[in-house]
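Inspection log for the structure reproduced underneath, given as structure tokens.
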Amino acid sequence: METKKKQMKQNNKDKKRRKSMGIILIYVAFSVTGLLLLKIGTTRAFNLSFSNGNFEFSVNSVLLIGTVLYLLAFITSLIAMKTIDLSIFYPISAGLGYVLVCILSYVVLKETIAKEQLIGIIFILVGVILMNLKK
């Protein structure tokens, strides 16, 4: 009987952990994709100026979609912080976000990654793995 209760308790913890990781991954996906599209959008036909008393502002669809995704990331982070310990949510999401931004910037934007960044990425990934090991 006692073993069955422990098993049920462990199953509930595992379910909560999977749900938490799902929320974190959704946040990271929205955030990283939004940032990437914001970067691309600002390099294309983005105008923000003030001259002769006139304020000019024009955006393109890529910038607009990036803004919406980044806003969704913010809303998802609020949901995550409500349900997940901040000491878990923030380090994992920030670490994964940094790693994905570096990789996608290299692949999509053709930016360079320094050797030190690669070493940092490895440390971050090891840290995220260590934080998710069962106690």
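The values are calculated or read from the model by the stated rules, or taken from the named source; none is laboratory data. Everything numeric in this text was worked out from a predicted model, so none of it was measured. Neighbour counts are summed over all protein chains in view; Cβ atoms, including those assigned to glycine, are modelled from backbone coordinates with ideal geometry. These accessible areas exclude ligands, DNA and RNA; they are computed on the full protein's heavy atoms, side chains included. Shrake-Rupley method; radii C 1.70, N 1.55, O 1.52, S 1.80 Å.
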Task: the range 45-131: trypsin sites (Lys or Arg not before Pro) in DSSP loop, at most 14 other beta carbons within 10 Å - done: LYS110
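Above 17 Å lies some portion of the pair distances; for the range 23-76, what is it as a whole percent of all C-alpha pairs?
Working: 620 of 1431 pairs.
The answer is 43 percent, as a whole percent.
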Open item on the list: Using the Karplus curve 6.51 cos²θ - 1.76 cosθ + 1.60 with θ = phi - 60°, what ³J(HN,Hα) values do you get for each residue of the range 21-32, in whole Hz, with x for Gly and Pro?
Closed with: 5, x, 5, 4, 5, 5, 4, 4, 4, 4, 5, 5
TODO: Pop the C-beta distance of SER87 and PHE46 into the FRET formula with R0 = 30 Å and round what comes out to the nearest 0.05.
DONE: 0.20
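Does the range 1-121 classify as rounded, prolate or oblate by the C-alpha gyration tensor (a ≥ b ≥ c root eigenvalues; a/c under 1.5 gives rounded; else a/b over b/c gives prolate, otherwise oblate)? Mind showing how you got there, number by number?
Working: a/c = 3.72, a/b = 2.03, b/c = 1.83.
Verdict is prolate for the range 1-121.
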Task: Tilt relative to the chain, helix 86-107 - C-alpha long axis, 0 to 90 degrees, to 10 - done: 50 degrees
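Of all accessible surface on the chain at a 1.4 Å probe, what whole percent is carbon and sulfur?
67 percent
For THR112 and ASP14 in the same chain, what is the full-extension length gain: residue separation times 0.36 nm, less their Cα-Cα distance, in nm? All intermediate terms of the calculation are to be shown ahead of the outcome.
On the way: separation 98, 0.36 × 98 = 35.28 nm, distance 3.87 nm.
Here the segment from THR112 to ASP14 would lengthen by 31.4 nm.
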Task: Positive-end residue of MET21, THR33, PHE74, charge dipole of the chain with Cβ unit charges - done: MET21
TODO: Take every Cα pair under 8 Å in the range 1-67 that's 6+ residues apart, average their separations, divide by the length, and report that relative contact order as a whole percent.
DONE: 29 percent
Open item on the list: Let me cross-check TYR70: its accessible surface, 1.4 Å probe, with only protein heavy atoms counted, in Å² to the nearest 10?
Closed with: 100 Å²
Task: Relative contact order of the range 8-135, pairs being alpha-carbon contacts under 8 Å that are 6 or more residues apart, as % - done: 26 percent
